[in-house]
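The values are calculated or read from the model by the stated rules, or taken from the named source; none is laboratory data. Predicted model only: the values in this text are computed from it and were never measured. Please note: Cβ atoms are built from the backbone with ideal geometry, for glycine as well, and neighbour counts cover all protein chains shown.
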Amino acid sequence: MWISPAADNFTAISNSETDPLQPQDHELFTDIISAPESAGFCSWLHSFINRLLDIFGEKLSPGQLNQSLDSIFSEDKGWQQNRDVNAWGVKQTVLRVKESAGIAYIVCATTHDLPESDSVAAHMAGGRSLLQTFTALADAYQQGSAKALIPVAQSNTYGPFGPRGHFTLLEADIDNGIIQSAVLHDPKGGFVDMFYGGAGRLTAILRKENLIGDDFSVTVEHRGDQSLLNGNDCGRFAAYYAAKITAEGGLDCADKKGAVAFFAEHF
């Protein structure tokens, strides 16, 4: 059987779900996906479809995204990382904190939008509930101004298709422990969310836990940076939005081109 010379240059890549591919890992495949005959038609077709649909890479699990956030918002870049034990007894970073101009920017661990926290679905979605996240925030920041950036794994059943399986980023402004505003940044357009109602689900959870009043609602921004048929890169967009907000204070200059460059650097 003929084997591509490029195979001689392969190095081992971790199979762990918590170890995201690094930029150098992507480079290992450059020669292999250049033509169907070099790696098999199915592999070539998979790469071709990803390029056609503007898909950067494989879908990230909550654990993989959280580990990527550790690298992006690392301690050597001035971020303080607060860790806790997750549902599987493994230490993970819960909060990443950096103060700027009197505001504490907090990049949180991935959080699911399920109303319960002890189901199999909740554990599969990362095991950390919205209540757990805001309880940690309230305990740590009872005074002063804080901006919490929370990657939300939308995990409720979506019609006959099973769990939604989509990452968004919740941006919450908190003053003296009280939520002042909350907006959900969705990298996709509004078509799919019209049937899912991600912001409404978060509002219901926060009201039930008495974290907001009846006159307060989470709003949503459908950015449209992620194409309708791209079901893989939502976690990367959530990380990109968090990085832009912490660096620039908002998403006015965020766009798809900038996101792709960010993916190449960090994923």
Note on region 94-109: residues modelled with pLDDT under 95 and not aliphatic (A, V, I, L, M) are 100, 102
Requested in this report: Return yes or no: is residue 248 at negative phi and in contact (Cβ under 8 Å) with a residue 60 or more places away in the chain?
Outcome: no
Checked pairs for region 60-76, first hydroxyl-bearing (Ser, Thr, Tyr), second at pLDDT below 95 and not in a helix (DSSP H, G or I), C-beta under 6 Å and 6 or more apart or across chains, list as 61/17; 68/20
Across region 139-152, the tally of residues that are touching a Cys at 6+ places or on another chain (Cβ under 9 Å) and touching a residue at least 60 places away in the same chain (Cβ under 8 Å) stands at 2
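Kindly evaluate residue 207 against the criterion of being of a type in the set (Lys, Arg) and closer than 25 Å to residue 97 by Cα. Please lay out each step first, then the result.
Details: of a type in the set (Lys, Arg): yes; closer than 25 Å to residue 97 by Cα: no.
In short, no.
Any idea which of 54, 25 is at pLDDT below 90, closer than 26 Å to residue 229 by Cβ and in contact with a Ser or Thr (Cβ under 7 Å, 6 or more places away or on another chain)? Spell out how you get there, then give the answer.
Working: 25 fails: in contact with a Ser or Thr (Cβ under 7 Å, 6 or more places away or on another chain).
That would be 54, the only listed residue that is at pLDDT below 90, closer than 26 Å to residue 229 by Cβ and in contact with a Ser or Thr (Cβ under 7 Å, 6 or more places away or on another chain).
Test residue 98 against the criterion of being surrounded by 14 or more Cβ atoms within 10 Å (Cβ to Cβ), touching a residue at least 24 places away in the same chain (Cβ under 8 Å) and in a strand (DSSP E or B), and give yes or no. Working first, answer last.
Numbers: surrounded by 14 or more Cβ atoms within 10 Å (Cβ to Cβ): yes; touching a residue at least 24 places away in the same chain (Cβ under 8 Å): yes; in a strand (DSSP E or B): yes.
It is true that residue 98 is surrounded by 14 or more Cβ atoms within 10 Å (Cβ to Cβ), touching a residue at least 24 places away in the same chain (Cβ under 8 Å) and in a strand (DSSP E or B).
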Sole miss for residue 153 among (1) in contact with a His (Cβ under 8 Å, 6 or more places away or on another chain); (2) more than 25 Å from residue 254 (Cα to Cα); (3) of a type in the set (Gly, Ala, Ser) is condition (2)
Selection over region 101-131 where residues are of a type outside the set (Lys, Arg) and assigned to a loop (DSSP other than H, G, I, E, B) yields a count of 15
